[in-house]
1. From (1) within 30 Å of residue 17 (Cβ to Cβ); (2) hydrophobic (A, V, I, L, M, F, W, C); (3) in contact with a Phe, Trp or Tyr (Cβ under 7 Å, 6 or more places away or on another chain), pick out the condition that doesn't hold for residue 141.
2. What number of residues in the range 119-130 are within 18 Å of residue 201 (Cα to Cα) and part of a helix (DSSP H, G or I)?
3. How many residues are touching a residue at least 60 places away in the same chain (Cβ under 8 Å) and of a type in the set (Phe, Trp, Tyr) if we restrict to the range 203-251?
4. Inside the range 57-109, can you point out the residues that are buried (at least 17 other Cβ atoms within 10 Å of the Cβ), acidic (Asp, Glu) and closer than 19 Å to residue 213 by Cα?
5. Inspect the range 75-82 for any residue being acidic (Asp, Glu) and under 18 Å from the mean Cα position of the chain (by Cα) and give the result as yes or no.
6. How do the helices (runs of 4 or more DSSP H) wholly within the range 131-180 filter down when requiring 1 or more residues that are in contact with a helix residue (DSSP H, G or I) (Cβ under 6 Å, 6 or more places away or on another chain), crowded, with 16+ Cβ neighbours inside 10 Å and aromatic (Phe, Trp, Tyr): which remain?
7. Tally the residues that are of a type outside the set (Val, Ile, Thr) and in contact (Cβ under 8 Å) with a residue 60 or more places away in the chain, restricting the search to the range 132-154.
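We did not get these values from a lab; they are worked out from the coordinates using the rules stated. Note that the coordinates shown come from a computational prediction; the quantities given were computed from them, not determined experimentally. Note that we place each Cβ from the backbone using ideal geometry, even for glycine, and neighbour counts take in every protein chain shown.
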Amino acid sequence: MIIKINDKPLDFSLDNEKTLGDVFTSLEQWLSNSGHRLSEILIDGQAVSAGMLEEIFKKEVKSVKELDIRTNAVAELAAASLQTLLKDIDEYENLKFDEKAKFFDNWKESGQALFILEEMPELYSYFKNAFSKGEVSSSTLRSVTEEIQREVNEPFKELAKIEPVLNEICDKLVNLPLDIQTGKDLLAAQTIQLFSAITEKLIRLFYQLSTQGYIVQIDEAQKIAEGFNNFKNILVELLESYEKHDIIIVGDLAEYEAAPKLKELYLNILSNCRETEKTQGEK
């Protein structure tokens, strides 16, 4: 049986799945993690209505030639929301002082606010702090929003662009224990901050690339996701050691764990995207 998501063949091997219900159970977590929202199911070209689902799920896999799954692209919703958010910043900037104090109460009920509250909680925090407390400047808010907009609109281009920055940060990680030992506290703090920022950006890009079909092999996507989970443990341990000024552990973690594993994750994502691009270009 051929499985397609939004007309793109999915590299998914059937193991013990005997019915379509079994197949959807296996796909459910992947669909959720990669940001897809199921909107339509077609079996051998025929659309399945909601009332047919119970019967369809009992259908044996061997009796189906092609399963087409249509989804709503969360990336499209994100792109539209981010564009509207930039307009919200413009509107906020043009308000009088007393009007700004009331802006957040109305804004937080808007569609774009509710969307990022669910999908991008960190970005929502920036907007909340800017609109309700004035702790984030409009220029900073715009810069952060535009960066995430680029990640949503052109994730592969944004991924390729960060390689020199990522390599530079990894080099700085290797020098981190020496910076701490020689009293270069500001430089050490900047390295940790940059390392955390590039890691967060890579996680966001991986999510977008998975959502938008740049990584279509389920096994590879799961492997990368597991790599990030392991990497988070390294990041936590590194930050804790840094706060304790444990130079030996910081040095070992930075040089032999954090830097090489961050590069490995980046290169795995990049090579998977390039392979997908090559495969789709040959079709």
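1. With (1) within 30 Å of residue 17 (Cβ to Cβ); (2) hydrophobic (A, V, I, L, M, F, W, C); (3) in contact with a Phe, Trp or Tyr (Cβ under 7 Å, 6 or more places away or on another chain) applied to residue 141, the lone miss is (1).
2. Adding up the residues that qualify gives 7.
3. Of the residues in that region, 4 qualify.
4. Listed by number, the list holds a single entry, 68.
5. Within the range 75-82 (the criterion being acidic (Asp, Glu) and under 18 Å from the mean Cα position of the chain (by Cα)), the answer is yes, since at least one residue qualifies.
6. 155-161
7. Adding up the residues that qualify gives 3.
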